[in-house]
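The values are calculated or read from the model by the stated rules, or taken from the named source; none is laboratory data. Nothing here was measured: the structure is a model prediction, and the numbers come from that model. Because the Cβ atoms are built from the backbone with ideal geometry, glycine has one as well, and the counts that use them run over all protein chains shown. Please note that ligands, DNA and RNA were not included when accessible areas were found on the heavy atoms of the full protein model with its side chains. Shrake-Rupley method; radii C 1.70, N 1.55, O 1.52, S 1.80 Å.
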Amino acid sequence: MDTYVFAVANKKVAAKLQKEQNDLSLFCPDKKTGDKYRLDSGYQVLSELGEATSSMLDGKVVECLNRYSSQVEFIHFSDQFSGPRQQDDEKAKAPETKKVLIFCFNVGSKGKTTPEDMEDTRPLMQLVLYCIDKVKRTRLSKEAKSKAEKNRQKIQERYMKEAHSQRQEQAQQRREDKVRAEKERIMNEDDSDKQRKLEDRLNKKDQKRKQPKMKMMKVKSM
């Protein structure tokens, strides 16, 4: 599979997928109506690359999706799948990703599936096999691959910035905890002279920390 994230879903599901699935929320921020791609208006398309969308939504795929729109909940193809969207405390670490082709169809009704229902899904199973082969054969242009690579680099840089910010916050918290512990130690000191000395030392540390750091430069004489 080449490098792209792509999904087609009915309107009720599309917003939920985009909100909850990490790869779709990161790489496919915009939803487009299905009629732009000859799909029923009840569909929405989430796609990272227009070239990938055009390639995946050929005549056979569009015809099958339209004919069985009542049974198709969504299809989701991705080389960056990592499951549910990350929580705030997880955003500092890039998740493990994998390539997936996910198909979600509604079969039967009211929780019951009959042999006739299963037989009715035969065209959808053929669609799955067709898409697997199509994804395997699809090759993006150099321009599309370059755009996809830039997108992935941006996401990686975002994770690195988040990790750096988190490390800074943790370091700041450790400093504050240390100062708080020192102040508590001073408050609990019975010896007033010793207490004063501890306060002086703490104040000097605080003043030193607030002073701008100066860099020394050595200049060699000619």
Restricting attention to the range 149-162, the residues that are loosely packed, with under 14 Cβ neighbours inside 10 Å and more than 19 Å from D79 (Cβ to Cβ) number exactly 2
Look at D40 and say whether it is of a type outside the set (A, V, I, L, M, F, W, C), open to solvent by less than 30 Å² (accessible area, probe 1.4 Å), in contact with a Ser or Thr (Cβ under 6 Å, 6 or more places away or on another chain) and touching a residue at least 12 places away in the same chain (Cβ under 8 Å). no
Looking at the range 125-148, which of the residues that are in contact with an Asp or Glu (Cβ under 9 Å, 6 or more places away or on another chain) and hydroxyl-bearing (S, T, Y) is least open to solvent (accessible area, probe 1.4 Å)? T138
Take G34 and decide whether it is at pLDDT below 95, among the small types (G, A, S), over 29 Å from R122 (Cβ atoms) and open to solvent by less than 50 Å² (accessible area, probe 1.4 Å). no
Go through (1) in a helix (DSSP H, G or I); (2) at pLDDT 95 or above one by one and return the number of the condition F6 breaks. (1)
So which residues in the range 44-60 are more than 15 Å from T3 (Cβ to Cβ) and in contact with a Cys (Cβ under 7 Å, 6 or more places away or on another chain), if there are any at all? L46
Looking at A163, A181, which one is touching a residue at least 12 places away in the same chain (Cβ under 8 Å) and not basic (K, R)? A163
Test: residue in the range 59-81 that is buried (at least 18 other Cβ atoms within 10 Å of the Cβ) and either among the basic types (K, R) or within 11 Å of the chain's Cα centre (by Cα) (or both): yes
Looking at the range 140-159, can you tell me whether even one residue there is part of a helix (DSSP H, G or I) and at pLDDT below 85? yes
Can you tell me which residue within the range 96-124, out of those that are closer than 23 Å to S82 by Cβ and touching a residue at least 24 places away in the same chain (Cβ under 8 Å), is least open to solvent (accessible area, probe 1.4 Å)? V100
Is at least one residue of the range 108-124 within 26 Å of E20 (Cβ to Cβ), in a strand (DSSP E or B) and in contact with a Lys or Arg (Cβ under 7 Å, 6 or more places away or on another chain)? no
